[in-house]
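J.: Sharing a structure with you now.
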Amino acid sequence: MAAFLTLFTFLFIIALLCLFRFLYLASRYGKPSPNRKGRPCKTMIVVGAGGHGMEMTRLLSSLNKKQYKPRIYVVAQKDAMSRNKVEKLESEPVIWGIMRAREVGQSYISSVFTTLGGFFHSLPLLLQARPELILCNGPGTCIPVCLAGYLFKFIGVNSKLRLVYVESVCRTEKLSLSAILLYYSYIADDIIVQWPQLVEKYSRTKYLGRLF
């Protein structure tokens, strides 16, 4: 009985610490990062297939390359098209491949396991890179990366990390599944939408005009 009470007390304290840490991070949601005094920002960019990849390349074309460097690109392992898009943007890009969270037509139940696989695959990459910014815009591949990044932010390994999600221009009335997950979990620091009516529906999103 004494051993059980000791274990229960230990787990209770850990749970309280996790709760307090989550509440602290939630209270910082959307607040600007401390002044970096012009220093470059190490950036990790998740590039997805199809329309998401096209939107990301348009967004990156206006990115201040001197401010956001070094840049690390993350794509799904079998996504040769996204890899080619990155190689057209950069002369010698750093590209990492991870397990895709969900294939086209894959059931949501089975995608839980592939998402977990992508999460565990992302952990050593995020630990090695320790980016200050993760920029993503919608493909399911970004969820494992954001989860891994948030974990290291949560436990203080990479507390300066900021996660920014840019919603697709196609989303005019409702957020995508990826955005909804990041919005309600408070994982993303900023969720930027392309249409002002979305801010009325999701008050913690930001509208900065059309970005692409």
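Readers should treat all values here as calculations from the given coordinates under stated rules, not as data from a laboratory. Note that the coordinates shown come from a computational prediction; the quantities given were computed from them, not determined experimentally. Counting neighbours? That spans all protein chains shown, and the Cβs are built from the backbone with ideal geometry, glycine included.
J.: Specify the residue with the greatest mean-square fluctuation among 158, 84, 137, computed from a Gaussian network of the chain linking alpha-carbon atoms under 10 Å apart.
T.: Most flexible of the set in this elastic network: 84.
J.: Relative to the first principal axis of the alpha-carbon coordinates of the chain, what is the inclination of helix 108-129, with its axis defined by its Cα atoms, in degrees from 0 to 90 and to the nearest 10?
T.: With both axes taken from Cα atoms, the answer is about 90 degrees.
J.: Same structure again: Just how many % of Cα pairs in the stretch 147-212 lie over 13 Å apart, if you round to the nearest whole percent?
T.: 61 percent
J.: Continuing with the same structure: By the scheme Lys and Arg +1, Asp and Glu -1, what is the net charge of all other residues having a beta-carbon under 13 Å from that of residue 172? Could the numbers behind the result be given before it?
T.: Numbers: positive: 171, 174, 201, 210; negative: 167, 173, 200.
Summing Lys and Arg as +1 and Asp and Glu as -1 gives +1.
J.: Size of the dipole of the stretch 40-207 about the Cα centre, Lys and Arg at +1 and Asp and Glu at -1 on the beta carbon, nothing else charged, in debye to 20? Provide the component values of the computation, followed by the final result.
T.: Details: 21 positive and 12 negative charges, 63 e Å.
Dipole magnitude for the stretch 40-207 comes out near 300 debye.
J.: Hey, another quick one. Isolated Cys in the chain by the 4.7 Å beta carbon test?
T.: 18, 41, 146, 170
J.: Could you give the angle, 0 to 90 degrees to the nearest 10, between helix 50-61's Cα long axis and the longest principal axis of the Cα atoms of the chain?
T.: On a 0 to 90 degree scale, this one is about 80.
J.: Out of 72, 109, 176, whose Cα points farthest toward the positive end of the dipole of the stretch 40-207 (charges: +1 Lys, Arg; -1 Asp, Glu; placed on Cβ)?
T.: 72
J.: How about the stretch 121-212: which GluC sites (Glu not before Pro) there are in a DSSP loop, with at most 11 other Cβ atoms within 10 Å of their Cβ?
T.: Passing both the DSSP loop test and the Cβ count: 173.
J.: Please give the net charge around residue 143, taking every other residue with its beta carbon less than 13 angstrom from that of residue 143, where Lys and Arg add +1 and Asp and Glu add -1.
T.: Details: positive: 100, 102; negative: none.
Taking every other residue near residue 143 into account, the sum is +2.
J.: Of all beta bridges DSSP finds with both residues in the chain, what is the antiparallel percent, to the nearest 5? Could you put the intermediate results ahead of the total?
T.: Working: 0 of 21 bridges.
The antiparallel fraction comes to roughly 0 percent.
J.: While we're looking at this one, here's another question. Identify all aspartates and glutamates with a Cα-Cα distance to residue 78 below 14 Å; exclude those on the same chain that are fewer than 8 residues away in sequence.
T.: Correct list for residue 78: 103.
J.: At a threshold of 8 angstrom on Cα-Cα distance, excluding pairs fewer than six apart, so keeping six or more, what relative contact order does the chain reach in percent?
T.: After rounding, I find 18 percent.
J.: Under 30 Å Cα-Cα from residue 201, which lysines qualify once same-chain neighbours fewer than 8 residues away are excluded?
T.: 31, 153, 160, 174
J.: Which of the chymotrypsin sites (Phe, Trp or Tyr not before Pro) across the stretch 73-177 are loop residues per DSSP, with 15 or fewer other Cβ within 10 Å?
T.: none
J.: Which translational diffusion coefficient, to the nearest whole µm²/s, is obtained for the stretch 40-207 from the Stokes-Einstein equation, given a Kirkwood hydrodynamic radius over C-alpha pairs, 25 °C and 0.890 mPa s?
T.: 154 µm²/s
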